[in-house]
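Notes to accompany the following structure.
Derivation of every value follows stated rules applied to the coordinates shown; laboratory data play no part. All figures in this text were calculated on a predicted structure; none of them were measured in a lab. Note that we place each Cβ from the backbone using ideal geometry, even for glycine, and neighbour counts take in every protein chain shown.
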Amino acid sequence: MAAVPRRPDTRAARDADLAAGATLDFLPETAAIRRDDTWRVAPHAPGLVDRRCEITGPTDRKMTINALNSGARVWLADLEDANAPPWTNVVGGQINLRDAVARRIDYTSADGKAYTLDERTATIVVRPRGWHLPEKHILIDGRPASGSLVDFGLYFFHCANTLLQSGTGPYFYLPKLESHLPGQVSGQHHRTTPHVALPRIRIIRGASTAGNIDSPPSHHSTSTCCA
């Protein structure tokens, strides 16, 4: 596990350049990537070949079951925007994901309605917290751990082997990348992961370097979503 990393890109300097009239363009230091006609991302992983319908939502127990039973091909288990980060939510969401992967999750509502998993369920893609969010309940050398790596590490530790044995894998959706440099850090920390699905580029400056964001973890990444 790592403490919250220093931001691997120079956002403040980039903001100042754009405010002074600079324009968005491809990075000269990554020109070799654009000239390489042989470069490809990894083939689609099992469970991610058909993503015509996806659903997203938090990882509370009832939502986990309903999302997996929804009929969608993929469930984006959102540990960031859809989830408030009190420790009970962080740990509870991981417990629910672990139980869902092991197919031992159930839930009974106050009115007695029982919820269990259907035979066919959606593929899980976990969206960990962004690089900028700390996890104050875990300290490393006196500094809060990276919330992103806490979310990644807990899910990977508890679920990776079970998912691989079932024929899929631990898939992740990396949010709020603004350049290729955070992608390099993600690739270093997630290098044991078969696929890091859908790095999400949230602003125009990130979209201008989309190919560069995919390239550092290219043998892990399956696609990029720009929004």
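Quick notes on this structure:
- Cα→Cβ-extended label distance, 7 Å offset, between L139 and A31, nm: 4.9
- Given R0 = 45 Å, the distance between the Cβ atoms of R40 and T116 translates into a calculated FRET efficiency of 0.65.
- The range 1-152: C-alpha gyration tensor shape, a/c 1.5 cut-off, then a/b vs b/c: oblate
- Residues R98, R34, sorted so that the one with the fewest Cβ neighbours within 10 Å comes first: R34, R98
- Extension gain for R14 to T88 (0.36 nm times residue separation, less C-alpha to C-alpha distance): 22.9 nm.
- Rounded, prolate or oblate (a/c below 1.5 giving rounded, otherwise prolate when a/b exceeds b/c) for the range 64-183 by Cα gyration tensor: prolate
- Integer Hz, Karplus 6.51/-1.76/1.60 couplings in order for the range 28-35, x for Gly and Pro: x, 6, 10, 4, 4, 5, 6, 7
- Judged by the mean number of other Cβ atoms found within 10 Å, the most tightly packed of the peptides 18-27, 70-79, 135-144, 39-48 leads the ranking 70-79, 39-48, 135-144, 18-27.
- If you sort the three axes of the alpha carbon gyration tensor as a ≥ b ≥ c, you get a/c of 1.5 or more for the range 36-95 and a/b no higher than b/c, which makes it oblate.
- Burial order of peptide ranges 87-94, 159-166 (average beta-carbon count within 10 Å, highest first): 87-94, 159-166
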